[in-house]
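Colleague: If you scroll down you'll find the structure; I have some questions about it.
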Amino acid sequence: MLRKGRLKKCSAITNLHSQIERAVQILRQGGVVAFPTETVYGLGADAENKKAVRRIFKLKGRPVNHPLIVHLYSADMLADWAREVPPLARKLAAKFWPGPLTIILRRSQRVPDVVTGGLDTVALRVPDHPVALALLKAFGGGLAAPSANRFGCVSPTNAAHVRDEFGDALELILDGGPCHVGIESTIVDLSSKELAILRPGGVTREEIERVARQMIPVRRKSSVRAPGQFRIHYAPQAEIIVVSNTELTRYAKTLTARGRRVAVLSGALTERLPTGVVRLPAPRSSPKFARQLYALLRTADRLKMDTVLVCLPIETGLGLAIADRLRHAAGRG
Ligand code: TXA
Ligand code: MG
């Protein structure tokens, strides 16, 4: 006889199986499906169906020259989507895929212009989430997928965030629970001799440099349409102000005295805050902070905060990506 827990697990698996089948059907018909990844939820469409990819841009309100990442089931598919796969790309893929790393390579003919905004390069990644991998395996092709949020807004890290953002505009949201990384993938450009990290993310610069056995600069201003190039990105409704730990209390007091509803987001806050100021509980550990960052920014909006004061973490390890997102949210990217 099956025990109750096992029975529940079996029916969850059957349910997931039928959800994946439905998702594949929608994708084959040129539809858009939201799905979980380890970083953030994505809004996926068949990368080879131009009409379907255009629907993503429309849903997000995203400029059409802002290229998308193509998600693949396995690194074995790299050569189908890139016309050159340098040894370092293979090395990084072997080490970090499935995982929060996106690799930019020169694109193959398989990639339509609409995915890359006309660029000669393509962004590729194999996500590390069982639901994403089951979907990609069943679908068989590549899924073009940006984060499942309106353009410029905070990325979703659970299915409810996607529902809040798009309501009934989406036919299907695959629910894979909360994302365990919580911030987007690291984007590394290997399409030319000038290697660069275009967006810090879930795999740290240090980890990549260790595998590459060389320094890789973070190129914030790029000639290509780089991630988060718009000054305000990953931003909630509330105004975000970056302050140092020593300025925090003074800012909080001044703004509160002016009648603003103020929240504070800092991983290293020990002092008491002025009355009325809300503390958004940022964990001290970087992986936990990254996991909760976007949900905390959404909380600030739910609490109708006018201003969130943030202190940037030290910019090593995951701290680099967290600081990057907070700066962009503050319009200082
Ligand atoms: O973690 C992630 O990467 C998530 C999940 C869903 O996989 N996706 C994501 O997609 O963050 P999106 O579209 O929100 O951000 C992808 C970034 C864009 O800012 C875009 O500019 C950049 O990747 N990108 C895509 N193709 C590129 C290319 N060929 N060259 C330079 N940047 C590129
Ligand atoms: Mg995004």
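The values are calculated or read from the model by the stated rules, or taken from the named source; none is laboratory data. Remember, predicted model here, so these are calculated numbers, not experimental data. FYI the Cβ positions are ideal-geometry reconstructions off the backbone, even for glycines, and counts take in every protein chain you see.
Colleague: Report yes if residue 316 is of a type outside the set (A, V, I, L, M) and closer than 19 Å to residue 100 by Cβ, otherwise no. It would help to see each step written out before you state the result.
Modeller: Working: of a type outside the set (A, V, I, L, M): yes; closer than 19 Å to residue 100 by Cβ: yes.
Yes; evaluated as a whole, the condition is true for this residue.
Colleague: Let me ask another. Which of the residues belonging to the stretch 169-184 are within 15 Å of residue 149 (Cβ to Cβ) and either near ligand 1 (Cβ under 8 Å from one of its atoms) or part of a loop (DSSP other than H, G, I, E, B) (or both)? Break it down into steps so the answer makes sense when it comes.
Modeller: Applying the first criterion (within 15 Å of residue 149 (Cβ to Cβ)) to the stretch 169-184 yields 169-170, 173, 179, 182-184.
Within the stretch 169-184, 170, 179, 182, 183, 184 qualify.
Colleague: Right, something else. Within the stretch 105-113, is there a residue that is over 26 Å from residue 22 (Cβ atoms) and assigned to a helix (DSSP H, G or I)?
Modeller: yes
Colleague: Show the residue pairs that are 6+ apart or on different chains and have beta-carbon atoms under 6 Å apart, the first residue being within the stretch 68-87 and touching a residue at least 40 places away in the same chain (Cβ under 8 Å), the second being among the hydroxyl-bearing types (Ser, Thr, Tyr).
Modeller: Within 6 Å, the pairs are 69/102; 81/108; 82/108.
Colleague: Follow-up question, since we're still on this one. What about residue 279, is it in a loop (DSSP other than H, G, I, E, B) and on the phi < 0 side of the Ramachandran plot? Working first, answer last.
Modeller: Details: in a loop (DSSP other than H, G, I, E, B): no; on the phi < 0 side of the Ramachandran plot: yes.
No, not satisfied.
Colleague: What are the residues in the stretch 187-197 that are buried (at least 17 other Cβ atoms within 10 Å of the Cβ) and either in contact (Cβ under 8 Å) with a residue 40 or more places away in the chain or of a type in the set (Lys, Arg) (or both), if any? Show your work before the answer.
Modeller: Our first condition is that a residue be buried (at least 17 other Cβ atoms within 10 Å of the Cβ); within the stretch 187-197, this holds for 187-191, 195-197.
187, 188, 189, 190, 191, 195 - these are the residues of the stretch 187-197 that are buried (at least 17 other Cβ atoms within 10 Å of the Cβ) and either in contact (Cβ under 8 Å) with a residue 40 or more places away in the chain or of a type in the set (Lys, Arg) (or both).
Colleague: Same structure, new question: Only one of 239, 247 is acidic (Asp, Glu) and either within 16 Å of ligand 1 (Cβ to nearest atom) or within 22 Å of residue 151 (Cβ to Cβ) (or both); which? Please lay out each step first, then the result.
Modeller: Working: 247 fails: either within 16 Å of ligand 1 (Cβ to nearest atom) or within 22 Å of residue 151 (Cβ to Cβ) (or both).
Of the residues listed, the single one that is acidic (Asp, Glu) and either within 16 Å of ligand 1 (Cβ to nearest atom) or within 22 Å of residue 151 (Cβ to Cβ) (or both) is 239.
Colleague: Among the residues of the stretch 282-299, write down those that are without any contact (Cβ under 8 Å) to a residue 60 or more places away in the chain and either surrounded by 18 or more Cβ atoms within 10 Å (Cβ to Cβ) or on the phi > 0 side of the Ramachandran plot (or both).
Modeller: Result: 282, 286, 289, 296, 299.
Colleague: Residues to consider are 88, 59; find the one that is surrounded by fewer than 23 Cβ atoms within 10 Å (Cβ to Cβ), in contact with a strand residue (DSSP E or B) (Cβ under 7 Å, 6 or more places away or on another chain) and either in a helix (DSSP H, G or I) or modelled with pLDDT under 95 (or both).
Modeller: Answer to the selection: 59.
Colleague: Next question. Mind telling me which of the residues 16, 43 ends up being surrounded by 12 or more Cβ atoms within 10 Å (Cβ to Cβ) and modelled with pLDDT under 95?
Modeller: Numbers: 43 fails: modelled with pLDDT under 95.
The match here is 16.
Colleague: Would you check which residues across the stretch 187-211 are out of contact with any helix residue (DSSP H, G or I) (no Cβ under 6 Å at 6 or more places or on another chain), away from ligand 2 (no atom under 16 Å from the Cβ) and in a loop (DSSP other than H, G, I, E, B) and list them?
Modeller: 191, 192, 193, 194, 195, 204
Colleague: Still on this structure, please answer the following. Can you find, within the stretch 63-85, the residue that is farthest from ligand 1 (Cβ to nearest atom) among those that are in a strand (DSSP E or B) and among the hydrophobic types (A, V, I, L, M, F, W, C)? If you could, list the steps in order and put the result at the bottom.
Modeller: Here is the first cut: in the stretch 63-85, the residues in a strand (DSSP E or B) are 69-71, 82.
Next, from what is left, pick out any that are among the hydrophobic types (A, V, I, L, M, F, W, C): 69-70, 82.
Working: 69: 5, 70: 8, 82: 11 Å.
For the stretch 63-85, the residue satisfying everything is 82.
Conditions (1) closer than 21 Å to residue 325 by Cβ; (2) modelled with pLDDT under 95; (3) in contact with a Ser or Thr (Cβ under 7 Å, 6 or more places away or on another chain); (4) not basic (Lys, Arg), marked per residue:
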site	(1), (2), (3), (4)
149	yes, no, yes, yes
162	yes, no, no, yes
165	yes, yes, no, yes
168	no, yes, no, yes
178	yes, no, yes, yes
193	no, yes, no, no
197	yes, no, yes, yes
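Colleague: Does residue 23 satisfy being among the hydrophobic types (A, V, I, L, M, F, W, C), modelled with pLDDT of 95 or more and within 22 Å of residue 120 (Cβ to Cβ)? Don't jump to the end; show me each part of the working.
Modeller: Details: among the hydrophobic types (A, V, I, L, M, F, W, C): yes; modelled with pLDDT of 95 or more: yes; within 22 Å of residue 120 (Cβ to Cβ): no.
Criteria not met by residue 23.
Colleague: Related question: Name every residue in the stretch 98-130 that is more than 10 Å from ligand 1 (Cβ to nearest atom), over 16 Å from the mean Cα position of the chain (by Cα) and crowded, with 17+ Cβ neighbours inside 10 Å, in order of residue number.
Modeller: The answer is 110, 114.
Colleague: Please specify each residue of the stretch 166-186 satisfying the condition of being within 13 Å of ligand 2 (Cβ to nearest atom) and either surrounded by fewer than 23 Cβ atoms within 10 Å (Cβ to Cβ) or of a type in the set (A, V, I, L, M) (or both).
Modeller: Listed by number, the list holds a single entry, 183.
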